[in-house]
Amino acid sequence: MKQQSRFILSILSFGYAFLYIPLASVVFFSFNASNLATVWGGFSTRWYGELFRNDQVLEALFLSVRIALTSATLATILGTMAGLVLARFGRFKGRTLFSGMITSPMVMPEVITGLSLLLLFITLQQITGWPGQRGFSTITIAHTTFSMAYVAVIVQSRLVSMDESLEEAAMDLGGRPLRVVFDITLPLIAPAMIAGWLLAFTLSLDDLVIASFVSGPGSTTLPMLIFSKVKLGVSPDINALASLIIVTVGLGVVLAWLFGRRRSSKAQ
């Protein structure tokens, strides 16, 4: 048993080291005074100042955040509706096709998704004149399209495992179906909706391939900007940007853990 425990501990230690040592090195070199990203030249916060003076990076960051907020909200609304249909409407005509259309963006290669959406937008532009220029709207639609599938699956899983007797009791007491949905169903699946929104936000903020297909001049997202800079060589300000993202995500995880722990302690 001791040998087995040591083996498992060794595997876990190696896995965590493989994941977190590169992240730690990025944070470490973000305080590098040298112009070379991987050559230590002394401690300095110079590159954080350079980062906040870089208008190109800030514009790409604000655009990515706007797209992520909008697409995550739309994906949560549409995905929740799709999850409700799949979990509560039973067997209906076209259910198999509808379910397949919901889950297909999850398994479809991003290159195919991005190419198909690009062809769609080009066709719409030729027929209707919209979109006049690919940018915020086209990227938002694209991100909503593939991220709503994840929200639908999460919400459907929560609804399937939920006790339907609460909804039935509300209807027995005279509640209309729509009122039951808003007063009973949605509050009960709110954690799943929040989880779906966070996942959709992360997927949108992280996307590179699909955004590269459906974006146009003047609509460079943060992943696209970072990728273009990496191709020319990593600069120290990218280390600073990555460090800020790591710290933000870390704080979000800690706050979520504290919130969950507080809720569980209140429930007890």
Checklist entry - Please identify the GluC sites (Glu not before Pro) of the range 136-205 that satisfy two criteria: DSSP loop assignment and at most 13 other Cβ atoms within 10 Å. Which are they? => result E164
Item to check | Fully extended contour minus Cα-Cα distance, from S265 to Q3, at 0.36 nm per residue | outcome: 90.7 nm
Item to check | Ranking of M224, M162 by count of other Cβ atoms within 10 Å, fewest first | outcome: M162, M224
Checklist entry - For labels at L255 and K93 in the simple 7 Å Cα→Cβ model, what's the distance in nm? => result 4.9
Checklist entry - To the nearest 20 debye, what charge dipole does the chain have about its Cα centre, counting +1 at the Cβ of each Lys and Arg and -1 at the Cβ of each Asp and Glu? => result 420
Checklist entry - trypsin sites (Lys or Arg not before Pro), restricted to the range 21-92: which are DSSP loop and have at most 10 other Cβ atoms within 10 Å? => result R53, R91
Checklist entry - For the chain, what is the mean residue ellipticity at 222 nm derived from helices alone (per DSSP H run of n ≥ 4: -39500 (n - 2.57); sum divided by total residues; nearest 500 deg cm²/dmol)? => result -26000 deg cm²/dmol
Checklist entry - With a ≥ b ≥ c the root eigenvalues of the C-alpha gyration tensor of the range 1-85, is it rounded (a/c under 1.5), prolate (a/b larger than b/c) or oblate? => result oblate
Next on the checklist: Can you give me the C-alpha center-to-center distance between the range 151-202 and the range 227-253, rounded to a whole angstrom?
Outcome noted: 37
Checklist outcome for this item: Yeah, the range 186-260 with a ≥ b ≥ c from its alpha-carbon gyration tensor (a/c under 1.5 is rounded, else prolate when a/b outruns b/c, oblate otherwise) is oblate
Checklist entry - Taking the Cβ-Cβ separation of A17 and F227 as r and a Förster radius of 41 Å, what is the calculated FRET efficiency to the nearest 0.05? => result 0.95
Next on the checklist: Quick check on the chain: what does the Kirkwood estimate of hydrodynamic radius come out to from the alpha carbon pairs, in Å?
Outcome noted: 21.9
Next on the checklist: So if I restrict to the alpha-carbon atoms in the range 59-166, what is the Rg, and what is Dmax, the biggest pairwise distance, in Å?
Outcome noted: 16.2, 52
Next on the checklist: If each residue of separation counts as 0.36 nm, what is the full-extension length gain between Q126 and T103 once their alpha-carbon separation is subtracted?
Outcome noted: 5.3 nm
Checklist outcome for this item: Rounded to the nearest 0.05, FRET efficiency between V247 and S116 (Cβ-Cβ, R0 30 Å) equals 0.25
Item to check | Packing-based order for 67-78, 177-188, 110-121, using average beta carbon neighbours within 10 Å, highest first | outcome: 67-78, 110-121, 177-188
Checklist outcome for this item: Check: C-alpha center the range 1-53 vs C-alpha center the range 103-148, spacing in Å is 37
Checklist entry - Summing +1 for each Lys or Arg and -1 for each Asp or Glu, what net charge is found among the other residues whose Cβ lies under 14 Å from the Cβ of Q56? => result -2
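Read the figures in this text as sums done on the coordinates, not as results from a lab. The model shown is predicted, which means the values in this text are computed figures rather than measured ones. Here the Cβ is made from the backbone with ideal geometry for all residues, glycine too, and neighbour counts use every protein chain on show.
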